[in-house]
Each structure stands twice: as structure tokens, then as C-alpha cells.
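J.: Quick one: the structure is below, questions incoming.
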Amino acid sequence: QVQLVESGGGSVQAGGSLTLSCAASGRTFSIYSLGWFRQSPGKEREVVAVIDYKVTSTYYSDSVKGRLTISRDIAKNTVYLQMTSLKPEDTAVYYCVAGPSGGSSSNSYEYWGMGTQVTVSS
């Protein structure tokens with residue numbers, strides 16, 4: 001099993017910044033990819049960004065490209081999501097995910113954190 005614990009959520013005004021962190025523990029050797037998904041009320045869960053184990057490949061959804069940056073500290077088994085130029089439409093619960101494979105589908109990730117709320121006001 002792998003445990004994921006997110007931190008760093010909160011409330012900011014539009015144009016502001018936040019950094020989310022997610023610490024992985026347990027059978028971390030089984031993880032190939034780490035990433036972030038988000039879900040807003042009334043909307044389906046969507047991928048935000050994904051990074052592979054060797055930190056050689058990243059994926060971003062079109063809606064966040066150029067504003068959000070995913071990074072990974074292998075030694076600390078931690079993944080980060082730096083969010084800048086935040087917009088009200090970024091408001092959502094952000095979930096850290098991990099799995100033995102990568103990609104943009106939620107089905108690729110068997111481990112999910114509890115989620116952290118990000119609220120962006122206009």
C-alpha cells in the first residue's frame with residue numbers, strides 16, 4: 001500500500017499563488033508516476049499534471065499550461081504543484097495520485113490522497 005498526504009491548500013485571490021505538496025509513504029518503490037487531479041462541484045474529476053519517476057516526463061492539461069508546474073523530490077518521495085496566476089475556475093479539491101503507470105486517465109492511478117481544497121476568489 002501507498003499512503004499520500006496532501007498539504008498546502010487554501011484561499012487566495014485571483015492572480016495569486018499557492019504550492020501544494022504531497023508526501024508518499026509505504027511501498028513507494030511501486031510508484032512510477034505521481035500527479036494531481038482536481039474536482040469542482042458538479043464537474044467530473046480531471047487531470048491537472050503528472051510527472052514520472054525519473055522526472056523526465058511531465059503532462060499538463062491545457063487549462064493549466066504555463067501557470068502550474070509539477071515537480072518531484074525523489075529522495076523525499078514528495079511531489080509539488082506550484083500554482084501561479086490562479087483563476088476562479090481553478091477552485092476545486094485537488095487530489096494527489098500515484099500509480100505504477102502514467103497517463104492522464106484517473107484509471108491509471110490506484111492510490112489517491114484525501115484531497116485539499118483550493119479556493120480562488122475574484
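The values are calculated or read from the model by the stated rules, or taken from the named source; none is laboratory data. Everything numeric here is computed off the predicted structure, so don't read it as measured data. Cβ atoms come from the backbone with ideal geometry, glycine included; neighbour counts cover every protein chain shown. Side chains included, ligands, DNA and RNA excluded: accessible areas come from the protein's heavy atoms. Shrake-Rupley method; radii C 1.70, N 1.55, O 1.52, S 1.80 Å.
J.: Looking at (1) touching a residue at least 60 places away in the same chain (Cβ under 8 Å); (2) surrounded by 13 or more Cβ atoms within 10 Å (Cβ to Cβ), which one does Glu46 not meet, given that it meets all the others?
T.: Of the numbered conditions (1) touching a residue at least 60 places away in the same chain (Cβ under 8 Å); (2) surrounded by 13 or more Cβ atoms within 10 Å (Cβ to Cβ), the odd one out for Glu46 is (1).
J.: Among the residues of the stretch 1-50, write down those that are farther than 19 Å from Ala75 by Cα, outside any strand (DSSP E or B) and small (Gly, Ala, Ser).
T.: Once the filter is applied, which keeps residues that are farther than 19 Å from Ala75 by Cα, outside any strand (DSSP E or B) and small (Gly, Ala, Ser), the stretch 1-50 yields Gly8, Gly9, Ala14, Gly15, Gly16, Ser17, Ser40, Gly42.
J.: Suppose we keep only residues that are among the basic types (Lys, Arg) and without any contact (Cβ under 8 Å) to a residue 40 or more places away in the chain within the stretch 49-78. Which one would you say is most open to solvent (accessible area, probe 1.4 Å)? Show your work before the answer.
T.: From the stretch 49-78, those among the basic types (Lys, Arg) are 54, 65, 67, 72, 76; that's our starting set.
Next, only the ones that are without any contact (Cβ under 8 Å) to a residue 40 or more places away in the chain stay: 54, 65, 67, 72.
Numbers: Lys54: 150, Lys65: 119, Arg67: 27, Arg72: 37 Å².
The qualifying residue most open to solvent (accessible area, probe 1.4 Å) is Lys54.
J.: Just the residues that are assigned to a strand (DSSP E or B), surrounded by fewer than 17 Cβ atoms within 10 Å (Cβ to Cβ) and β-branched (Val, Ile, Thr), please, taken from the stretch 79-122.
T.: Thr119
J.: Quick check on Phe29: is it touching a strand residue (DSSP E or B) at 6+ places or on another chain (Cβ under 7 Å) and either closer than 23 Å to Gln1 by Cα or without any contact (Cβ under 8 Å) to a residue 60 or more places away in the chain (or both)?
T.: no
J.: Hey, any hits in the stretch 57-74 for a residue that's under 23 Å from Gln1 (Cβ atoms) and not in a strand (DSSP E or B)?
T.: Yes, the stretch 57-74 contains at least one residue that is under 23 Å from Gln1 (Cβ atoms) and not in a strand (DSSP E or B).
J.: Can Ala24 be described as of a type in the set (A, V, I, L, M, F, W, C), in contact (Cβ under 8 Å) with a residue 60 or more places away in the chain and more than 16 Å from Trp112 (Cβ to Cβ)?
T.: no
Okay, residues lined up against (1) exposed (fewer than 12 other Cβ atoms within 10 Å of the Cβ); (2) closer than 15 Å to Ser106 by Cα; (3) at pLDDT 95 or above:
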site: Val12; (1), (2), (3): no, no, yes
site: Gly16; (1), (2), (3): no, no, yes
site: Ser21; (1), (2), (3): no, no, yes
site: Ala24; (1), (2), (3): no, no, no
site: Phe29; (1), (2), (3): yes, no, no
site: Phe37; (1), (2), (3): no, yes, yes
